[in-house]
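Colleague: Sharing a structure, written as structure tokens. Questions coming.
The values are calculated or read from the model by the stated rules, or taken from the named source; none is laboratory data. Just so you know, these numbers come straight off a predicted model, no measurement behind them. Glycine gets a Cβ as well: all are built from the backbone with ideal geometry, and neighbour counts include every protein chain shown.
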Amino acid sequence: MEQKAALVIDAGDEVSGMLSQILKAPEWRIQKAPNNEAAIELLRSTRFDLILTGAGSSGKEDVELLRRIRRVHPHTCMIIVADESAPADVIAAMREGAFSYFSRPFSLQALGDMVRNATEAPCWDDGIEVLPGAPNWYRLAARCDIKTADRLLQFVYEMIELPEPEKEVVASALRELLMNAIEYGGKFDPDKYVEMSYVRTKRAVACRVKDPGEGFSLDEISHSAIMNPPDDPLRHVGFREAENMRPGGFGVLLARSSVDELIYTDKGNEVLLIKYIDSGKQRSNETENTLRRE
């Protein structure tokens, strides 16, 4: 078996230790670089199957590194790990074909899972497309398979500009909606795509998910926990077992209970998630900023 090579840029002991457990010899050889410029020099003479950037650089710097790498090795698989980022950096990373994107603080386990995803994916450099949008209104399309959904959700998580508790709430609800869209609307068909929009306003965060299916009505989803009567909170389990469906069915219920509004279209294949921002705190911050300017 041909040995694969990974390049790790400015990684700390924890990240290095995690990678050594996943990218094991003799199948993998791990090489290190102290910074992005040193990485470019190595790439002039060596092709790497996987590159992991370091948390000492910004997202913008790592996206520029990815652009430079692709001039030499067009299909290099890169996971960006940045010290700081902004939604525009995340979108730029997707446009340039980054495999994934993490900024501090991040979960070491989540990063490890994404590294495994990168090493197992038969074709990594497609499946996510950035559609035409506007500032603070980002539109994306993703192939209907679970690994691509995991990648998309990590990118979107990095885009959500909310305090950590609210950020987790929106990300978790969005995951449930996206997985439902891929499973029930897309039927796990890799030739089909789901569309997702992310909008950030002064008062709210809104996410829209549209699946490629024919839609549904609430009367048709007896397999979902949202249809359970108050006196029988597990009724949907029997429907799922009868239809040989996987365990679950709590997605829509969890999403509806964790955000402020969840709105489905009449057809049922589009859903809008809205999470309002603390308006009192927002007004206080705006007033303080106005006083400072005056």
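Colleague: Find the residue count for the stretch 134-154, including only residues that are in contact (Cβ under 8 Å) with a residue 60 or more places away in the chain and crowded, with 22+ Cβ neighbours inside 10 Å. Outline the logic, then answer.
Modeller: The initial filter retains those residues of the stretch 134-154 that are in contact (Cβ under 8 Å) with a residue 60 or more places away in the chain, namely 136-138, 144.
Going one step further and asking which of them are crowded, with 22+ Cβ neighbours inside 10 Å, we end up with 138, 144.
Counting residues in the stretch 134-154 that are in contact (Cβ under 8 Å) with a residue 60 or more places away in the chain and crowded, with 22+ Cβ neighbours inside 10 Å gives 2.
Colleague: Next question, about the same structure. So how many residues does the stretch 44-69 have that are surrounded by 16 or more Cβ atoms within 10 Å (Cβ to Cβ) and farther than 23 Å from Val90 by Cβ?
Modeller: So the answer is 1.
Colleague: Among the residues of the stretch 132-149, is there at least one that is under 21 Å from Ile182 (Cβ atoms), of a type outside the set (A, V, I, L, M, F, W, C) and assigned to a loop (DSSP other than H, G, I, E, B)?
Modeller: Yes, there is a match, as at least one residue in the stretch 132-149 is under 21 Å from Ile182 (Cβ atoms), of a type outside the set (A, V, I, L, M, F, W, C) and assigned to a loop (DSSP other than H, G, I, E, B).
Colleague: Of the conditions (1) in a helix (DSSP H, G or I); (2) surrounded by fewer than 18 Cβ atoms within 10 Å (Cβ to Cβ), Ala92 fails just one. Which one is it?
Modeller: Failing condition for Ala92: (2).
Colleague: Only one of Phe188, Phe155 is closer than 15 Å to Met94 by Cβ and modelled with pLDDT of 90 or more; which?
Modeller: Working: Phe188 fails: closer than 15 Å to Met94 by Cβ.
Only one candidate passes the filter, namely Phe155.
Colleague: Also, quick follow-up: Of all residues in the stretch 160-175, count the ones that are in a helix (DSSP H, G or I) and surrounded by fewer than 21 Cβ atoms within 10 Å (Cβ to Cβ). Can you show your working first?
Modeller: Restricting attention to the stretch 160-175, the residues satisfying the condition of being in a helix (DSSP H, G or I) are 164-175.
The next check asks that each one be surrounded by fewer than 21 Cβ atoms within 10 Å (Cβ to Cβ); those that pass are 164-169, 171-172, 175.
Residues in the stretch 160-175 being in a helix (DSSP H, G or I) and surrounded by fewer than 21 Cβ atoms within 10 Å (Cβ to Cβ): 9 in total.
Colleague: A further question on this structure: Looking at the stretch 88-116, I want the residues that are within 24 Å of Arg139 (Cα to Cα) and without any contact (Cβ under 8 Å) to a residue 60 or more places away in the chain and have a partner that is assigned to a helix (DSSP H, G or I) and of a type in the set (Gly, Ala, Ser) with Cβ atoms under 6 Å, at least 6 apart or on another chain. Which pairs are those?
Modeller: Close Cβ pairs satisfying both conditions: Asp89/Gly59; Phe99/Ala118; Tyr101/Ala93.
Colleague: In addition: Of all residues being modelled with pLDDT of 90 or more and among the aliphatic types (A, V, I, L, M) in the stretch 53-68, which is nearest to Asn35 (Cα to Cα)? Just the residue, please.
Modeller: In this case the residue turns out to be Leu65.
Colleague: Those residues that are under 26 Å from the mean Cα position of the chain (by Cα) and part of a loop (DSSP other than H, G, I, E, B), I need them from the stretch 1-23; list them, please.
Modeller: Within the stretch 1-23, Asp10, Ala11, Gly12, Leu23 meet the criteria.
Colleague: Of all residues being surrounded by fewer than 21 Cβ atoms within 10 Å (Cβ to Cβ) and in contact with a strand residue (DSSP E or B) (Cβ under 6 Å, 6 or more places away or on another chain) in the stretch 95-110, which is farthest from Leu65 (Cα to Cα)? Just the residue, please.
Modeller: Out of the qualifying residues, it is Ser103.
Colleague: Tell me, please, whether a residue that is under 22 Å from the mean Cα position of the chain (by Cα), closer than 28 Å to Pro87 by Cα, of a type in the set (Ser, Thr, Tyr) and in the same structural domain as Ser85 (by TED's automatic domain parsing) can be found in the stretch 33-54. Steps first, answer last, please.
Modeller: Our first condition is that a residue be under 22 Å from the mean Cα position of the chain (by Cα); within the stretch 33-54, this holds for 49-54.
The next check asks that each one be closer than 28 Å to Pro87 by Cα; those that pass are 49-54.
Narrowing further to those that are of a type in the set (Ser, Thr, Tyr): 53.
Right, trim to in the same structural domain as Ser85 (by TED's automatic domain parsing) and you get 53.
Within the stretch 33-54, one or more residues are under 22 Å from the mean Cα position of the chain (by Cα), closer than 28 Å to Pro87 by Cα, of a type in the set (Ser, Thr, Tyr) and in the same structural domain as Ser85 (by TED's automatic domain parsing).
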